[in-house]
Amino acid sequence: MLEVRNLHKAYRGGDDVLHGINFEVQPGEFVVVLGQSGAGKSTLLRCLNYLCLPSGGEIRVNGVRHNPASKSGRQAQRRHFAMVFQDHNLLGRLSVLKNVLVGRMSHIPFWSCLFQVFSRRDVALALQAIETVGLAEKAYERADSLSGGQQQRVGVARALVQRPAMMLADEPVASLDPQSARQVLNCLQNACRREKIAVVCNLHQLDYAMEYASRVIGLAGGKVVYDGPPESMTPQVVEAIYPGVAQNKSASIPETGAGGALCRNIPLAGAV
Ligand SMILES: Nc1ncnc2c1ncn2[C@@H]1O[C@H](COP(=O)(O)OP(=O)(O)OP(=O)(O)O)[C@@H](O)[C@H]1O
């Protein structure tokens with residue numbers, strides 16, 4: 001469904017921060033992108049929906065390449081994707097329901113958004129999405145009265161009502177406690193399993209990747225150094241994704257990460 005071929009990205013004439021990335025994503029896959037800070041994870045995600053314009057290569061969705069250089073091409077590309085941000089980007093003084101309805105904006109006329117007039121169908125879709133993320137009883141409360149984890153689940157509901165083929169989540173649980181983080185990741189996993197939405201999710205937590213990903217893409221220095229199932233990650237793979245971690249325990253894998261377990265339990269195999 002999504003094909004990324006020889007993707008390059010350089011910012012404002014600088015050096016490439018993505019060096020010829022290749023991968024495909026199929027419906028219902030939960031792909032976690034791992035990598036150290038600066039590896040290029042956010043840039044990769046933002047290139048997929050043309051929030052960042054690729055410097056080279058091509059991205060096809062269902063076999064179609066939309067032209068990133070044209071406004072209509074970028075709009076067409078973005079219709080396939082919904083984004084979940086680290087900081088949720090909710091309108092705090094509006095209700096949960098209205099925040100989720102914002103996700104319908106690309107499907108309804110401008111005046112409808114301006115005057116906050118939504119069809120019964122859109123409201124029903126939004127309420128359904130709110131229920132899906134377990135927040136039915138909060139639908140009419142102000143978004144800023146919710147906890148961080150609940151707000152992030154509203155962000156997932158807002159993405160769901162867009163009826164996307166793919167969801168892009170950029171460190172969606174970075175600021176959440178483990179219980180809230182799992183609730184958010186469960187919502188994303190349910191979207192994959194029940195609705196066959198493909199999720200591409202940047203994470204810093206190796207243990208969450210092991211728990212939730214159907215596939216891991218490891219980035220280092222803007223290159224793919226691993227692409228495969230989480231259970232096939234070896235100590236060498238972890239070392240390739242997080243250079244220096246094997247020698248230096250204070251490197252950027254979180255303390256709760258699965259690196260230790262990997263080093264103990266998993267047989268050796270090569271990284272790509
Ligand atoms: N708007 C920008 N202009 C110039 N350089 C940028 C810009 N955004 C990112 N970069 C550079 O691109 C490289 C990759 O950054 P990116 O944010 O994609 O990495 P990341 O893996 O997502 O990091 P983190 O985990 O810290 O968010 C870094 O060297 C960064 O400084």
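Of all residues in region 5-22, those that are within 16 Å of the ligand (Cβ to nearest atom) and either crowded, with 21+ Cβ neighbours inside 10 Å or at positive phi (or both) total 7. Only residues that are surrounded by fewer than 23 Cβ atoms within 10 Å (Cβ to Cβ) and near the ligand (Cβ under 8 Å from one of its atoms) were counted across region 23-39, and they come to 3. Pairing each residue of region 28-53 that is closer than 26 Å to residue 67 by Cβ and of a type in the set (Ser, Thr, Tyr) with any residue that is near the ligand (Cβ under 9 Å from one of its atoms) and part of a strand (DSSP E or B), provided the two are 6+ apart or on different chains, yields C-beta distances under 9 Å for 42/170; 42/202; 43/9; 43/17; 43/18.
Could you go through region 40-56 and let me know if any residue there is away from the ligand (no atom under 16 Å from the Cβ) and either within 26 Å of residue 192 (Cα to Cα) or in a helix (DSSP H, G or I) (or both). Within region 40-56 (the criterion being away from the ligand (no atom under 16 Å from the Cβ) and either within 26 Å of residue 192 (Cα to Cα) or in a helix (DSSP H, G or I) (or both)), the answer is no, since none of the residues qualifies.
Restricting 253, 217 to residues that are at pLDDT below 95 and either over 20 Å from residue 86 (Cβ atoms) or outside any helix (DSSP H, G or I) (or both) narrows the list to 253. Scanning region 173-211 for residues that are in contact with a strand residue (DSSP E or B) (Cβ under 7 Å, 6 or more places away or on another chain) and either part of a strand (DSSP E or B) or of a type outside the set (Val, Ile, Thr) (or both) returns 188, 189, 191, 192, 198, 199, 200, 201, 202, 203, 206, 209.
Picking from residues in region 184-209 that are crowded, with 20+ Cβ neighbours inside 10 Å and free of Cβ contacts under 8 Å to residues at least 60 places away in the same chain, the one that is nearest to residue 62 (Cα to Cα) is 191.
State whether the residues of region 10-23 include one that is more than 17 Å from residue 219 (Cα to Cα) and small (Gly, Ala, Ser). Yes; the residues of region 10-23 include at least one that is more than 17 Å from residue 219 (Cα to Cα) and small (Gly, Ala, Ser). Looking at region 62-85, can you tell me whether even one residue there is crowded, with 17+ Cβ neighbours inside 10 Å and either within 11 Å of the ligand (Cβ to nearest atom) or closer than 21 Å to residue 228 by Cβ (or both)? No, region 62-85 has no match at all. Scanning region 1-28 for residues that are assigned to a loop (DSSP other than H, G, I, E, B) and out of contact with any helix residue (DSSP H, G or I) (no Cβ under 7 Å at 6 or more places or on another chain) yields a total of 8.
Of all residue pairs spaced 6 or more apart or on separate chains, those with beta-carbon atoms under 9 Å, a first member in region 10-21 that is touching a residue at least 12 places away in the same chain (Cβ under 8 Å) and a second member that is more than 6 Å from the ligand (Cβ to nearest atom) and β-branched (Val, Ile, Thr) are 20/224; 21/4; 21/217; 21/224.
Specify the residue that is modelled with the lowest pLDDT; the eligible residues are those in region 101-160 that are of a type in the set (Ser, Thr, Tyr) and surrounded by fewer than 18 Cβ atoms within 10 Å (Cβ to Cβ). The qualifying residue modelled with the lowest pLDDT is 112.
The values are calculated or read from the model by the stated rules, or taken from the named source; none is laboratory data. Because the structure is predicted, anything quoted here is derived from the model rather than measured. Ideal geometry is used to build each Cβ from the backbone, glycine not excepted, and the neighbour counts take in all protein chains shown.
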